[in-house]
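The block underneath contains the structure these notes are about, expressed in structure tokens.
Each reported figure results from applying straightforward, stated rules to the coordinates on display, with no laboratory input. All of these numbers come straight from a predicted model, not from anything done at the bench. Please note: Cβ atoms are built from the backbone with ideal geometry, for glycine as well, and neighbour counts cover all protein chains shown.
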Amino acid sequence: EQGSATTLGFYLSGYANATVDLFRISTSTLTATSTAIIVDSTGSMGFSTTSPFRGRIAVVTGSDNGGGVVVSSSDNTAWRDINMDGSGSLHFYGGDAGTLNNPIITAAGAFTDAPSFSFLKQDRSVLSRDELFEILDDTNIEKYRIKSEVAALGESADTHIGIILDEAHPLLSDRDENGDIIGYSPIRTAAAAFRGVQLLSGAIDIRNATTSFASIFIDSEGRVGIGTTSPSYKLQVAGDVAAESFVNISTRGAKRDIEYVAEGEGATVVERLRGLGVARYRYNDEAADAPLRLGLIAEESPLEVLSADGKGVDLYKLATFTLLGVKELDKRLAAVEVRLADLEARVGSSAQRQIYSSPTAVNDGSRTAVSAVNVVIDWLASLGVRLSAAVAEFRNVIASALTVGSADQPSGITLYDEVTKEPYCFKMSGGAATTTPGACTGSQASSAQSQADSNNPNSNGGNGNNTSPLTPPSTKEGVGTGADTTAPTITINGNNPAEIEVRSSYADLGAIVTDNVDTNLGVLTFLDGAFVSEIQINTAIAATYVVEYVAKDNAGNSATSTRTVIVRDPYATASPQTAADLTQTNADNTATTTPASGLPSSDEEGAGGDVDLTTPAPPAPAETSAASESVPSLPPDTATTTSSI
């Protein structure tokens, strides 16, 4: 019994320097005696062992929850049985989980198991991508050394790698009900890392990727290599690339220092493209039996199509460079088309109206020859020459020598008196010039005179109608007075309306005139109501022009077709000006001259007023300014027909 609150109760005192146990409690059975509790001479206490080891309390435990140290709550409702097996692993048992809830600490000090069964958890959800990136963004992986180890070991202390728990994301640490950190849970860090691998594998499937070399490589400059570890470009692929589309960023807002290539540079581009060699080859890393490729050699290519380092060909640059060449070829082709259209206009006009002189001409293969002759006749008609059976009609004749008749068939020249309008035959007789009243006689002269009389409305033998296609007679309302009442057909060559850009060239392709009766009909051209012998428009600024083509047949039927020419500025927002808007501008810049002459209108009696489809004769002097222009009006009896393209 303890004497008082300040006196020692029960105690056991050993012998000084004793080497045997101070205290021992043993249990005995019929077969053996077992020590239950022992206090050895050093003061170490052992349970179920007679030799406590390295500690004040030593407990020999079993390999399951049948022994060890029991730690329980104050009310004994929760407990854990702690014991160590023969491998040195520390086991934790207890609670309602029994042997299922058994985290293990191995001899190396690492957790090998943890309470992760579904029946132990609630409020479960899969860690989202955003939550994972939040953890990664808030947590640094650092290198460090433990202060106590540095104090004990100095510079030889080990360097660790890990997280700083109080600076890491809260989900990586164990916390109490107040949110205070009470421990570090490696399983949390491992779970976050595992979830990161899951998300990465979902974005990039590498299950079939080779592991013998890097499939994707990113260097220190941020350049990405696929199939190569030495990329020279932002993205370099060792092999073929397939895609549905490759888009080059070309919006104006993404560019600066914009400067358009001069129009004339296209000519040099064509020549350089012409001299550019196209090669077949294999790349160095391709097999010997790989298909040959087709392309360019950078060292032999124009600098304008090369990459920045000069070792590659920029496909966008190459396409644009080729486009320059195509535009130049298009310009050249347009010039060829103008020349071809002029030829086609002449050939086509004759070809559509071919008249074969006999069935033999059709059957013996001479169709081409007849067509060629008609082309020549059409061309001569455009110059004011008309050829018909046994008659050649010229507007004016200038010759260094002129022969009329021959020694076998002398002939003369029929001239008409300016006053009496009567014919006289001018001949040579006995070396002297003689004139006799009447037309010259003789087979050739009679034939020529007969044809001339038939074409002269004032001759005795004339019919009052000039049948030359170059000077058809005027009629009222554009309809002839004879059996032919069908107006000619005017076919416009080329586009209608025709659109061109400012500062480009324009060549009018003209029109083809056909008629149901007459051949070799000419055509007059008017630009914005003014007669012109050649269509020339101002392409310096945007504007709209109107070109009219007028034709009349020998019966007096007339027709008109119109083409609209639009000169537009692709960068302008305002509508193009009309030619009338440009009158003052053109007058300021260019002094125009009076064209040959206007179309004569019908006289008051209606017998004259023929329309001359050749270039009009020079006008009488008029008091006009240098910039004015005498404009012939359209014939009052002109009918408008629908143009065809």
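See the values below:
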{"quantity": "Rough spin-label spacing in nm, given labels placed 7 Å along Cα→Cβ, for residue 184 and residue 147", "calculated": "1.5 nm"}
{"quantity": "Sequence of 234, 317 once ranked by neighbouring C-beta atoms within 10 Å, starting from the fewest", "calculated": "234, 317"}
{"quantity": "Projected label distance in nm at residue 516 and residue 15, using a 7 Å step from Cα toward the beta-carbon", "calculated": "15.9 nm"}
{"quantity": "Order by protection proxy (mean Cβ within 10 Å, highest first), peptides 303-312, 402-411", "calculated": "303-312, 402-411"}
{"quantity": "Residue 50-residue 211 FRET efficiency (beta carbon distance; Förster radius 56 Å; 0.05 resolution)", "calculated": "0.45"}
{"quantity": "Spin-label pair residue 132/residue 241, simplified geometry with 7 Å Cα→Cβ offset, distance in nm", "calculated": "2.8 nm"}
{"quantity": "Gap separating the Cα centres of segment 491-507 and segment 279-312, nearest whole Å", "calculated": "42 Å"}
{"quantity": "FRET efficiency, residue 335 to residue 268 (Cβ-Cβ, R0 25 Å, nearest 0.05)", "calculated": "0.90"}
{"quantity": "Of the chymotrypsin sites (Phe, Trp or Tyr not before Pro) in segment 272-343, those whose Cβ has at most 14 other Cβ within 10 Å and which sit in DSSP loop", "calculated": "283"}
{"quantity": "Residue 538-residue 299 FRET efficiency (beta carbon distance; Förster radius 60 Å; 0.05 resolution)", "calculated": "0.80"}
